[in-house]
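The values are calculated or read from the model by the stated rules, or taken from the named source; none is laboratory data. These figures come from a predicted structure and were not determined experimentally. Every residue, glycine among them, receives a Cβ derived from its backbone with ideal geometry; neighbour counts consider all protein chains shown.
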Amino acid sequence: MVLSDRSKKILDELTSNPSITSVALEKKFDLTRRQLGYTMDKINDWLIRNDLPIIERTRQGHFVIDQAVFTKLSGSHENVTTDLDNTILKEEQRAQLIMMMILSSEEELSLNHFTYELNVSKNTVLNDLKQVQAYVEKFDLSLRYSRKLGYLIEGKEFQIRNLLMNVTYHMLQMNNGEKRLRDITGIHQEKLTAFKQRVEGVENQLSLKFTDEKLQTMPYILILILRRIQKGFIIDNFAIGYEELANTKEYKATEDLLHNLEDIPVSERLFITLHLLTTNVFSSEISAEEVIPDLLPAIDNVLRHFEKSACIYLQDREQLLDKLMQHIKPAYYRIKYQLTDTILFQGSLSKEFKEIHHLVKRSIGPLRELVGKDIPDNEIAYITMLIGGWMNKHGESIEKKVKAIVVCPQGVSVSRLMFNELQELFPEFVFLDYLSVREFLKYPLDFDVIFSPINLETDKKLFVTKVFLGREEKYRLRKQVMLGLHGYVPEEININKLLEIISNHTTIHDKKALAEALVNYLNPVEDSQYVKQNLGEYINLNELINLSSITTTASVASWDDAIRLSAKSLLDQEKIEARYVDAMIQYCEKDSYIVIAPGIAIPHAAPEDGALEVGMSLLQIKDGVTYLNDYRIHVIIAISAVDKQQHIHALMQLMNLVGSERERNKLIQANSPEEIYDIIEHYSKDLS
């Protein structure tokens with residue numbers, strides 16, 4: 001879209017004279033109100049197409065123009081030749097100015113101070129103060145007025161500092177924001193230059209480069225923090241131990257940053273160190289491993305989970321890991337010490353990035369475990385942008401992949417199992433979520449295919465399937481889905497047949513490893529071929545749970561004791577190592593999905609945690625044992641899974657058993673191992 005000459009002239013006038021009114025514009029360009037309105041619509045359409053904010057008009061006929069428009073059209077705000085102080089501020093911008101006045105003022109402030117500074121009426125200021133109150137409450141602070149002290153923002157000093165940094169950032173994003181900030185705070189350019197040089201010295205010392213916006217913001221923040229310290233506003237009861245930060249390079253840099261400045265308490269030096277640690281950098285020559293030893297493995301695991309969920313292989317992974325490390329090191333400290341806020345990510349995600357964002361959120365678990373706190377959505381959004389941008393750079397996309405959801409009304413554990421099974425059966429699909437029917441009715445993401453055990457009202461392709469599928473049922477479902485989506489059934493590649501051909505011509509030293517390598521190579525990520533991954537015969541439930549692996553007891557002292565007792569026969573039969581039991585206990589602390597039915601749980605760990613051979617063992621506890629304060633468990637089936645295949649058939653048979661309330665109660669109330677085994681044997685029939 002190209003702007004007309006009239007639209008260009010009016011846009012030029014607005015960017016060079018933003019305080020002009022609509023009446024003055026109409027008069028200058030000889031336009032009617034309708035003609036100006038039409039022209040403004042055309043200008044805003046052009047701005048939207050160029051990813052710029054639209055120009056808004058107030059009821060009084062003034063124009064509100066975002067700084068991004070000036071930057072785009074004029075190169076920088078310094079090139080705008082008009083008195084920008086007259087630009088009409090938005091309500092939230094006035095609130096930011098009021099907060100900065102309160103936080104930095106040397107005198108008591110009344111309504112008159114605000115009306116004079118903002119050039120608005122008292123009623124407008126009173127309304128703005130309501131916005132200020134709502135804003136500071138997000139930081140656990142409050143706005144108070146007294147005749148003696150004027151308007152004050154009160155609360156913990158740590159939170160006031162967070163607010164101060166937030167407001168400083170927002171003010172610098174305003175049109176002519178630096179001048180406004182200097183005018184309100186009285187900070188002289190000479191002092192800013194001196195502190196900017198100190199910050200640049202920190203960059204050299206730490207072998208990094210801060211982002212441009214951080215380099216612009218940090219001198220103001222440091223000056224304002226030091227002012228509060230001089231006034232006696234000191235952070236006390238600091239939540240960060242001295243030992244945690246005192247040995248970091250950032251702490252040494254803080255000491256140099258504050259050279260010649262006296263009476264700065266240790267708690268304040270720690271706070272400034274934390275500010276350095278949480279500041280985004282453009283580039284760095286220092287590995288985050290020096291400070292956070294487990295960060296790289298955590299990020300690597302996040303990427304592996306994402307690759308599996310998105311059905312892609314990220315190219316140049318080491319370079320992407322390096323970029324993520326540079327971002328996530330400061331994010332680690334922001335999240336851990338609750339310094340994250342909404343200024344970190346602004347803007348909407350594209351349709352595809354929303355899907356990537358969803359998959360990143362699903363994959364973020366390893367980072368969450370490392371930090372010990374939930375990862376805020378805006379921090380995840382930044383990680384999404386980094387991964388999504390990397391994918392675009394290398395021509396990767398999930399846009400053209402089939403996206404599927406699983407809708408199951410039978411509870412979380414059953415839904416999750418169904419989701420995992422279908423993900424294995426259709427590895428070329430991106431599976432977004434498993435949902436209840438109610439969640440499905442409000443689901444916001446776009447998708448192509450629904451798998452469900454029930455009929456649903458939808459215009460998308462729906463495949464109604466059983467929750468638990470046998471071998472032949474899986475084969476038939478895959479054919480049905482491929483015919484429905486593509487109109488043909490892709491050629492199947494049978495791994496066992498390949499192994500047979502290879503063994504006829506050479507000696508295979510490790511058949512299992514070769515089979516796994518072939519599956520990984522032929523796995524249908526980029527094409528439609530289907531690799532049959534059944535590397536052996538199915539094992540029935542009664543082959544894994546026999547009389548020797550069934551234990552009964554009246555009671556146990558604790559959940560941990562119950563896990564150890566349930567796994568004893570697996571340990572005795574050397575199907576697991578001792579460390580596998582500890583891993584089971586650890587996983588149980590955070591995964592309530594092991595509860596597969598009322599009173600029934602299936603604890604397990606990962607193959608690499610010490611699983612030696614596929615196996616199951618059953619523990620019946622007559623009195624039951626409490627799990628996570630929410631469940632009373634009477635039967636525990638410990639599982640040793642050496643891969644994703646061998647135990648699945650038996651697990652499906654077990655799910656059929658516990659899916660029946662009558663049979664489940666018989667299992668819980670059985671009076672002997674023999675009685676339990678009879679029930680197990682009854683359900684150990686081929687599901688196909």
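For region 408-457, give me each residue that is β-branched (Val, Ile, Thr) and over 18 Å from Leu359 (Cα atoms). Selection gives Val412, Val414, Val437, Ile454. Within region 204-235, the set of residues being in a helix (DSSP H, G or I), of a type in the set (Lys, Arg) and under 12 Å from Ser104 (Cα atoms) comprises Arg227, Arg228.
The set of residues in region 14-37 being at pLDDT below 85, farther than 13 Å from Ile55 by Cα and part of a helix (DSSP H, G or I) consists of Ser16, Arg33, Arg34, Gln35. Flag: Ile602 matches the condition of being in contact with a strand residue (DSSP E or B) (Cβ under 9 Å, 6 or more places away or on another chain) and at pLDDT below 90. Whether any residue in region 393-415 is modelled with pLDDT of 85 or more, among the aliphatic types (A, V, I, L, M) and part of a helix (DSSP H, G or I) is what I want to check. Scanning region 393-415, I find no residue that is modelled with pLDDT of 85 or more, among the aliphatic types (A, V, I, L, M) and part of a helix (DSSP H, G or I), so the answer is no. Going through (1) crowded, with 16+ Cβ neighbours inside 10 Å; (2) within 29 Å of the chain's Cα centre (by Cα) one by one, Asp140 falls short only on (1).
Quick check on Arg180: is it within 30 Å of Phe114 (Cα to Cα), assigned to a helix (DSSP H, G or I) and either modelled with pLDDT of 80 or more or touching a Gly at 6+ places or on another chain (Cβ under 6 Å) (or both)? In short, yes.
Among the residues of region 622-632, the ones that are in contact (Cβ under 8 Å) with a residue 24 or more places away in the chain and within 33 Å of the chain's Cα centre (by Cα) come to 6 in all. If the condition is being of a type in the set (Ser, Thr, Tyr) and exposed (fewer than 14 other Cβ atoms within 10 Å of the Cβ), then region 646-685 contributes Ser660, Ser672. Count of region 572-584 residues, restricted to those that are loosely packed, with under 15 Cβ neighbours inside 10 Å and among the acidic types (Asp, Glu), is 2. What are the residue pairs meeting all of these: first residue in region 369-398, first residue within 15 Å of Ile356 (Cα to Cα), second residue of a type in the set (Ser, Thr, Tyr), Cβ atoms under 7 Å, and 6 or more apart or on different chains? Within 7 Å, the pairs are Asn378/Thr340; Asn378/Thr342; Glu379/Thr340; Met391/Ser397. Looking only at residues in region 460-486 that are over 13 Å from Glu421 (Cα atoms) and in contact with a Lys or Arg (Cβ under 8 Å, 6 or more places away or on another chain), the one that is surrounded by the fewest Cβ atoms within 10 Å (Cβ to Cβ) is Gly484.
Listed by first and then second residue, the pairs with beta-carbon distance under 7 Å, at least 6 apart or on different chains, first residue in region 261-279 and in contact (Cβ under 8 Å) with a residue 60 or more places away in the chain, second outside any helix (DSSP H, G or I) and of a type in the set (Ser, Thr, Tyr), are Leu274/Tyr337.
You will find that of Ser569, Ser555, Ser548, the residue that is in a loop (DSSP other than H, G, I, E, B) and surrounded by fewer than 23 Cβ atoms within 10 Å (Cβ to Cβ) is Ser555 and no other.
Among residues of region 447-459 being part of a loop (DSSP other than H, G, I, E, B) and modelled with pLDDT of 90 or more, the one that is surrounded by the most Cβ atoms within 10 Å (Cβ to Cβ) is Phe447. Of the residues examined, Lys8 is not one that is out of contact with any Lys or Arg (no Cβ under 7 Å at 6 or more places or on another chain), surrounded by 15 or more Cβ atoms within 10 Å (Cβ to Cβ) and at negative phi. Contact map, region 600-613: residues that are over 30 Å from Glu663 (Cα atoms) paired with residues that are small (Gly, Ala, Ser) and part of a helix (DSSP H, G or I), Cβ distance under 8 Å, separation 6+ or inter-chain. Pairs shown: Asp609/Ala583; Gly610/Ala578; Gly610/Ala583. Identify all residues within region 416-439 that are surrounded by fewer than 16 Cβ atoms within 10 Å (Cβ to Cβ), free of Cβ contacts under 8 Å to residues at least 40 places away in the same chain and either of a type in the set (A, V, I, L, M, F, W, C) or in a helix (DSSP H, G or I) (or both); write none if there are none. Listed by number, the residues that qualify are Asn420, Val437, Arg438, Glu439.
Is it true that Ile299 is under 18 Å from the mean Cα position of the chain (by Cα), modelled with pLDDT of 70 or more and of a type in the set (A, V, I, L, M, F, W, C)? Criteria met by Ile299. Please tell me if Val635 is more than 22 Å from Met418 (Cβ to Cβ) and in contact with a helix residue (DSSP H, G or I) (Cβ under 8 Å, 6 or more places away or on another chain). So Val635 fails the test.
The residue that is surrounded by the fewest Cβ atoms within 10 Å (Cβ to Cβ), among those in region 41-89 that are at pLDDT 80 or above and of a type in the set (D, E, K, R), is Asp41.
Gly536 meets each of the listed conditions (1) at pLDDT below 90; (2) surrounded by 16 or more Cβ atoms within 10 Å (Cβ to Cβ); (3) in a loop (DSSP other than H, G, I, E, B) apart from (2).
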